[in-house]
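What follows is a short report on a single structure.
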Amino acid sequence: MKLRTGFVSNSSSSSFIIHNATTIEVFKVMLMCYFKNLANYDYISKEEFEETLESKKYKANLFLAKHNNTKDINIMIPYTCNYETVIVQDGNNVLVNTCNNHNWDDLYDAFKKIESKYDEDVVDNVACYNIETGDISNSGFNYPEVKIDVKDEEVDNVEITVDYFTETKGLYKK
């Protein structure tokens with residue numbers, strides 16, 4: 001099997017395995033990659049960037065305040081480019097199915113051991129925590145999405161004590 005040293009493809013989808021990692025670790029790095037990409041979009045103003053960034057950071061920090069030490073939690077980031085990013089724990093490895101219209105190179109720098117493509121159907125219809133809505137819903141690209149009737153009600157009582165994304169300060173430099 002080939003080892004990937006970057007995320008370049010002719011397809012807009014990208015799937016890979018990150019060895020010896022947790023979904024929470026991968027989520028933090030991927031969200032920082034997303035924020036960096038957002039800061040470099042030509043069509044977004046500084047005001048739009050800061051408004052979007054604060055909203056996404058708040059929800060991500062809220063999620064992490066409750067789940068930062070949770071093992072084996074599957075995560076869906078619903079707002080990455082063409083479709084959602086799905087991050088699924090598989091033993092000591094993490095399966096990621098995402099859009100490669102973002103620069104994910106920081107993942108390679110952070111985790112070193114990344115294997116290229118796996119069968120993307122593996123992560124279809126896996127229950128994932130949607131960080132945008134707080135719902136637990138199915139993953140995959142079999143639309144329309146089927147909601148699983150679960151909501152993380154406890155999040156309303158969680159206090160955010162740590163900003164996991166402080167590196168976003170000063171990111172927008174246009």
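Tabulated data for the structure shown
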| item | result |
| --- | --- |
| Sorted peptide list for 100-106, 46-52, criterion being average Cβ within 10 angstrom, highest first | 100-106, 46-52 |
| Above-threshold pairs, the threshold being 27 Å between Cα atoms, out of Lys56/Lys173; Lys46/Lys113; Lys28/Lys113; Lys59/Lys113; Lys57/Lys173 | Lys46/Lys113; Lys59/Lys113 |
| Protection proxy ranking, peptides 20-32, 161-173, 60-72, average beta carbon neighbours within 10 Å, highest first | 20-32, 60-72, 161-173 |
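Coordinate-derived values only; no laboratory data. Not measured: the values here are computed from a predicted model. Here the Cβ is made from the backbone with ideal geometry for all residues, glycine too, and neighbour counts use every protein chain on show.
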